[in-house]
Amino acid sequence: MSETTSPGASASGLESLAVGSDALVGLATLGKTAAALALVLAIIFACSALLRRWGPQRRAAGGQLQVVASTAIGSRERVVVVEIANTWLVLGVGGGQVSKLHELPAPAQPEATAPGATGEGERFAARLARALKHNAGLGGPDRGTP
């Protein structure tokens, strides 16, 4: 038996190979495009999360409301200090509700450090050590000898 190849049969084989190759190239391009889009979206979400976490504190309600401090009490509960119209409100936030805990006038400037404090403020450990020495009668400039 002799195999004869006709020019038409050979051409149709090449055409089917070319069509399959074009489909693979198209899928590869689509995959690369989808990966690039996913990367751009991930970068956008990461940047927005960073800005929310470390961004400057914004004033809401026309610049009259500012969160002064906030701390977590439990998994869903927080205590928040809010300044509005030169008044600090201490609010308890949790369980889908907000409760006013205390109200006090806002200080004119940040709290001053204790007398005798140096620099930006004294560390707790240094103040505790000084207080323990003072209470034990071990020293201090104002302590006299008997």
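The values are calculated or read from the model by the stated rules, or taken from the named source; none is laboratory data. Note that this is a predicted model, so its numbers are computed, not measured. All Cβ positions, glycine included, derive from the backbone under ideal geometry; neighbour counts span all protein chains shown.
What the table shows:
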| read-out | value |
| --- | --- |
| Close pairs from the stretch 94-123: first within 13 Å of VAL79 (Cα to Cα) and not assigned by TED's automatic domain parsing to the domain that holds GLN66, partner at pLDDT below 85 and loosely packed, with under 12 Cβ neighbours inside 10 Å, Cβ under 6 Å, at least 6 apart | none |
| Any hit, the stretch 86-109, residues being in a loop (DSSP other than H, G, I, E, B), modelled with pLDDT under 80 and of a type in the set (Gly, Ala, Ser) | yes |
| Single residue of ALA49, ALA18 found to be in a helix (DSSP H, G or I), modelled with pLDDT of 85 or more and more than 30 Å from LYS100 (Cβ to Cβ) | ALA49 |
